[in-house]
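K.L.:
Following this message is one structure expressed as structure tokens.
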Amino acid sequence: MKYELTQDLVTGNALIDSEHRQLFAAVNSLMDACAQGKGRGQIQQTVQFLSDYVVKHFGDEERLQVQSSYPGYSGHKQFHDGYRRQLADVMQELMQAGPTVKALGDLNRVVAVLISHIRTEDRRLAQHVQKK
């Protein structure tokens, strides 16, 4: 299954949408490599990207929230903090075990959590920012 920024995931904020596309491209690239038997060679690159991504992307979102006096900031930040921990656990398992079925399933699970978050919370944030 390919991840893509479908209409129900578009926030309308160019920065946020661009960063979501980057995330999906990185995960899709790893999944493609795994399907071709080349996953082990791409794990380190993908794990590093994801690690850097959550720092930058969540930081960008949190700055937007503060700048726009977003009323849902506290809950959104709490999600980000918990997600960073979940993703770190999955990335650690990927680095240790390689692209096992379990590790890739766990990666898909945390990406699905993020997609749900994008569909609801990130869109709500973008609507708030657009109104300011």
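K.L.:
Quick check: Cα centre of segment 71-88 to Cα centre of segment 4-41, how many Å?
P.N.:
Segment 71-88 and segment 4-41 have Cα centres spaced 20 Å from each other.
K.L.:
Helix 101-117 versus the longest principal axis of the chain: what is the Cα-based angle in degrees, 0 to 90, to the nearest 10?
P.N.:
For helix 101-117, the angle is close to 10 degrees.
K.L.:
In degrees between 0 and 90, to the nearest 10, how far off the longest principal axis of the chain does helix 73-97 point, with axes built from Cα atoms?
P.N.:
10 degrees
K.L.:
To the nearest 20 debye, what charge dipole does the chain have about its Cα centre, counting +1 at the Cβ of each Lys and Arg and -1 at the Cβ of each Asp and Glu?
P.N.:
80 debye
K.L.:
Quick one: compute the contact order of the chain, relative version, from alpha carbon pairs under 8 angstrom and 6+ residues apart, as a percent. Let's see the in-between values first.
P.N.:
Working: 93 pairs, mean separation 44.2, N = 132.
For the chain, the relative contact order is 33 percent.
K.L.:
At what distance in nm do the modelled label points of A97 and R63 sit from each other, each positioned 7 Å from its Cα along Cα→Cβ?
P.N.:
3.6 nm
K.L.:
Can you sort V47, V55 so the residue with the fewest Cβ neighbours within 10 Å comes first? All intermediate terms of the calculation are to be shown ahead of the outcome.
P.N.:
Details: V47 20, V55 11.
Fewest to most other Cβ atoms nearby, the residues stand as V55, V47.
K.L.:
Compute the acute angle (0 to 90°) between the alpha-carbon long axis of helix 39-67 and the principal axis of greatest extent of the alpha-carbon atoms of the chain; round to the nearest 10°.
P.N.:
So the helix axis and the longest Cα principal axis differ by about 10 degrees.
Each reported figure results from applying straightforward, stated rules to the coordinates on display, with no laboratory input. Not measured: the values here are computed from a predicted model. When we count neighbours, we look across all protein chains shown, and the Cβ atoms used for this are built from the backbone with ideal geometry, even at glycine.
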